[in-house]
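Step one of this worksheet: look at the structure below.
The values are calculated or read from the model by the stated rules, or taken from the named source; none is laboratory data. Since we're looking at a predicted model, the values are computed, not measured. Every residue, glycine among them, receives a Cβ derived from its backbone with ideal geometry; neighbour counts consider all protein chains shown.
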Amino acid sequence: MIDFLFSQYKSYTSYFIFLELTAVFFGTISVLFAKKNNILVYPTGLVSTLIFVYILFEWKLFGDFIINIYYSIMSVVGWYLWSRKKNGVAEFPISFMNRSDYFISSIIFLGTLLFIALIYHFFDKFTHWTAYVDTLTTALFFVGMWLMAKRKIENWIIWIIADLISVPLYFYKGLTFSSIQFLVFTIIAILGYKEWKKLLQKQI
């Protein structure tokens, strides 16, 4: 079982393994902070995404590479939005999506699908089924990160769907630690949705 899960790491350098484990650690800590509605979700997440930018560029996984560039940018944006207060109260509290949010989410999703498809086509990387799945998860993650920055409770539903797809995808890609991370993320996302729902009920 151990050999089945981690045999591919025999050919990886210790430096690469250390980087992936560090990124996974900070990514997991970040999601736990998100579950608690704690602004530290962003600085810890930024460490993880910047490391993954390097790893995924080296592996030429362009969809995931672009995801993490976007994550890094949105971590700064989300950090700013979550820190804003009006009369001592958070300017962007937890809330449900409205019509405008659904419209913008749809635009982000479709726009991302088209953009990533063009990137894969340009680099002639539509040669395997993983490229198509990668395009889908990229679009979902783009929407999820935007909704989290806006503190919309539905962000957790997007994360659950995208994380579940990413578990087998990353294992197939040979990134077992990252695959396990997405499994943990799925569980935390389910708990996060429940916790944010309770916090939202207290706000009303």
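Some points to look at:
- Flag if Arg84 is touching a Pro at 6+ places or on another chain (Cβ under 8 Å) and under 24 Å from Leu199 (Cα atoms): no
- Cross-chain or 6+ apart pairs with Cβ under 7 Å, region 122-148 first and surrounded by 12 or more Cβ atoms within 10 Å (Cβ to Cβ) and in a helix (DSSP H, G or I), then of a type in the set (Gly, Ala, Ser) and at pLDDT below 90: Asp134/Gly63; Thr135/Gly63; Thr135/Ala117; Thr138/Gly63
- Identity of the residue in region 98-116, in contact (Cβ under 8 Å) with a residue 40 or more places away in the chain and within 17 Å of the chain's Cα centre (by Cα), that ends up nearest to Gln203 (Cα to Cα): Ser105
- Contact map, region 84-97: first residue over 13 Å from Glu154 (Cα atoms) and touching a residue at least 40 places away in the same chain (Cβ under 8 Å), second residue among the polar types (S, T, N, Q) and not in a loop (DSSP other than H, G, I, E, B), Cβ cut-off under 7 Å, separation 6 or more or different chains; pairs are Pro93/Gln203.
- Against the criterion of being of a type in the set (A, V, I, L, M, F, W, C) and at pLDDT 95 or above, Leu19 does not qualify.
- Residue, nearest to Lys35 (Cα to Cα), within region 92-129, restricted to residues that are modelled with pLDDT of 85 or more and either of a type in the set (D, E, K, R) or in contact with a Pro (Cβ under 7 Å, 6 or more places away or on another chain) (or both): Asp101
- When residues of region 58-76 are limited to those that are loosely packed, with under 15 Cβ neighbours inside 10 Å and assigned to a helix (DSSP H, G or I), the one farthest from the chain's Cα centre (by Cα): Glu58
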